[in-house]
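Student: This structure is in structure tokens; I'll ask about it shortly.
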Amino acid sequence: MATKTIARGASRKAAEIPVRNIGHEDLSLSLRQGLDDFLTFRGDIVFAGIVYTVIGLAAVVMTTSMPLMPFFFPVVAGVGLLGPVAAVGFYELAKRREDGEQDVHWFNFLDVLKRPSVDDMGMVAGLLLLIFFAWLIAAGLLYAALFDWATPTSIPQFLQMVFLTSRGWALIIGGAVVGAIFGWIVLALSVASMPVLVDRNVSAAQAVSASWRAAHANKGVMVRWGLMVLGLLVLGSIPLFVGLAFVLPWLGYSTWHLYTRLIDRSALPSS
């Protein structure tokens, strides 16, 4: 495995969590270990995945009403921005398995709310929620700039506006660029912050700082990880979001194992 701890200089704060450099093979290993976690729990936690699938479907139904139809694609794409919040329960189960607990069930998913740092998890979740709303505003402004808030009267007309006009393709390209920026920000802020808050009793500021530094210390690897996550979320969303019931738990467990490679846990306080 290609992980190595980044040396801390004399100017570093004592409370700063040290991060590691990892390699591309760590991504594949994290995915394999995440799948093993999912299969070990016998798919019981698919219950949580179904809950988020239903939430996603509800959001889609809301955005297919006429006034909100321009937000259909931003909302669907924005599901990934809130994924780290949905995954905290999977981190809880992965940690319990790592600690050697034998009697672990799907309802332990909610035991994450008993962690000492639950308030700090709420702070990070609030930050991600703000970023999600900022993404919707940015997407709305882009749509307004190109279509002057024109409201389609039907789904076929909306799809024609988006896919069969030059302004529609400008919207797609511009949205992809803006979405990539928001996606990187969320990935950098959350890839290790939520897992470390489940794992240890640290502050939200420490967790977010460690995640941000870990992501920027491994930009190439993290970009590949982000593309892999995006691809899996797209595949899971295509059949009416049903596949997310499998993809979300798998990615949740896999992110936990990626966190254990990104962060030097030996320097963390015990939980």
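Student: For the range 201-267, rounded, prolate or oblate, judged on the Cα gyration tensor with a ≥ b ≥ c (square roots of eigenvalues), a/c < 1.5 rounded, else prolate if a/b > b/c? Can you show the working numbers first?
Tutor: Numbers: a/c = 2.67, a/b = 1.91, b/c = 1.40.
It is prolate, given that a/c is not under 1.5 and a/b is the larger ratio.
Student: Considering only protein heavy atoms, what is the solvent-accessible area of T255 at a probe of 1.4 Å, reported in Å² to the nearest 10?
Tutor: 20
Student: OK, next. Between K114 and H216, 0.36 nm times their residue separation minus their Cα-Cα distance comes to what? Intermediate values should be presented prior to the final figure.
Tutor: Numbers: separation 102, 0.36 × 102 = 36.72 nm, distance 3.10 nm.
Separation in residues times 0.36 nm, less the Cα-Cα distance, equals 33.6 nm.
Student: Given a 1.4 Å probe and the protein chains all in place, what does the accessible area of W106 round to, in Å² to the nearest 10?
Tutor: The value for W106 is about 110 Å².
Student: Taking θ as phi - 60°, what are the ³J(HN,Hα) couplings along the range 119-130 by the Karplus curve (6.51, -1.76, 1.60), each to the nearest whole Hz, with x for Gly and Pro?
Tutor: 5, 5, 4, x, 5, 5, 4, x, 4, 5, 5, 4
Student: So what J values fall out for the range 243-254 if you push phi through Karplus, 6.51 cos²θ - 1.76 cosθ + 1.60 with θ = phi - 60°, rounded to Hz, Gly and Pro as x?
Tutor: x, 5, 4, 9, 5, 4, x, 4, 5, x, 5, 5
Student: What number comes out for the charge environment of G126, summing +1 per Lys or Arg and -1 per Asp or Glu over other residues with Cβ under 12 Å away?
Tutor: On the way: positive: none; negative: D119, D120.
My count for the surroundings of G126 gives -2.
Student: Moving on. Give me the one-decimal nm value for the distance between modelled label points at D148 and H105, 7 Å along each residue's Cα-to-Cβ direction.
Tutor: Result: 6.1 nm between the two label points.
Student: Provide the per-residue ³J(HN,Hα) series for the range 68-85, in order, calculated from phi with Karplus coefficients 6.51, -1.76, 1.60 and θ = phi - 60°, each as a whole number of Hz, with x at glycine and proline positions.
Tutor: Values per residue, Gly and Pro as x: 9, 4, x, 9, 4, 5, x, 5, 4, 5, x, 4, x, 5, 9, x, x, 5 Hz.
The values are calculated or read from the model by the stated rules, or taken from the named source; none is laboratory data. What you see is a predicted model, and the numbers here were worked out from it, not measured in a lab. Cβ: placed from backbone, ideal geometry, glycine included. Neighbour counts: every protein chain shown. Accessible surface areas use protein heavy atoms only, side chains included; no ligands, DNA or RNA. Shrake-Rupley method; radii C 1.70, N 1.55, O 1.52, S 1.80 Å.
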